[in-house]
């Protein structure tokens with residue numbers, strides 16, 4: 001955790017994330033492919049932590065997952081920028097979609113055992 005806690009908006013985070021992004025020479029599709037694969041790879045790392053809990057009974061390493069989620073956020077922020085979106089616009093569109101899809105809220109029920 002950083003020594004100083006930053007007061008960030010999503011767009012400020014995106015601006016900061018972009019200071020660590022360097023486009024590769026060539027077609028934008030190459031960059032988008034890199035970013036999409038990075039998103040997928042980081043999501044896989046999060047899933048790996050959960051798999052270790054399910055399969056091997058290991059405790060969930062919340063700090064490690066937090067770091068992986070940060071990496072996911074970086075890829076999402078940069079990809080949004082490359083596609084011409086602010087991260088706050090992406091988040092707002094997602095909330096609007098969820099509200100339209102689930103106007104009464106959403107509750108997931110797991111089987112018949114109450115889980």
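Does the range 10-35 hold any residues that are touching a helix residue (DSSP H, G or I) at 6+ places or on another chain (Cβ under 8 Å), at pLDDT 95 or above and surrounded by fewer than 13 Cβ atoms within 10 Å (Cβ to Cβ), and which are they?
Matches in the range 10-35: 20 only.
Within the range 3-17, can one find any residue that is within 18 Å of the chain's Cα centre (by Cα), touching a residue at least 12 places away in the same chain (Cβ under 8 Å) and farther than 20 Å from residue 92 by Cα?
No, the range 3-17 contains no residue that is within 18 Å of the chain's Cα centre (by Cα), touching a residue at least 12 places away in the same chain (Cβ under 8 Å) and farther than 20 Å from residue 92 by Cα.
What are the residue pairs meeting all of these: first residue in the range 32-51, first residue touching a residue at least 40 places away in the same chain (Cβ under 8 Å), second residue surrounded by 12 or more Cβ atoms within 10 Å (Cβ to Cβ) and part of a helix (DSSP H, G or I), Cβ atoms under 6 Å, and 6 or more apart or on different chains?
Between residues of the range 32-51 that are touching a residue at least 40 places away in the same chain (Cβ under 8 Å) and residues that are surrounded by 12 or more Cβ atoms within 10 Å (Cβ to Cβ) and part of a helix (DSSP H, G or I), the close pairs are 35/75; 35/78; 35/79; 39/75.
Report, ordered by the first and then the second residue, all pairs with beta carbons closer than 9 Å, sequence separation of six or more or different chains, a first member in the range 82-108 that is over 18 Å from residue 8 (Cβ atoms), and a second member that is modelled with pLDDT under 95 and exposed (fewer than 10 other Cβ atoms within 10 Å of the Cβ).
98/106
Could you pull out the residue among 69, 73, 83 that is exposed (fewer than 13 other Cβ atoms within 10 Å of the Cβ), at pLDDT 95 or above, within 26 Å of residue 16 (Cβ to Cβ) and in contact with a helix residue (DSSP H, G or I) (Cβ under 9 Å, 6 or more places away or on another chain)?
None of the others qualify; the one that does is 83.
The values are calculated or read from the model by the stated rules, or taken from the named source; none is laboratory data. Because the structure is a prediction, the values reported are computed rather than measured. Counting neighbours? That spans all protein chains shown, and the Cβs are built from the backbone with ideal geometry, glycine included.
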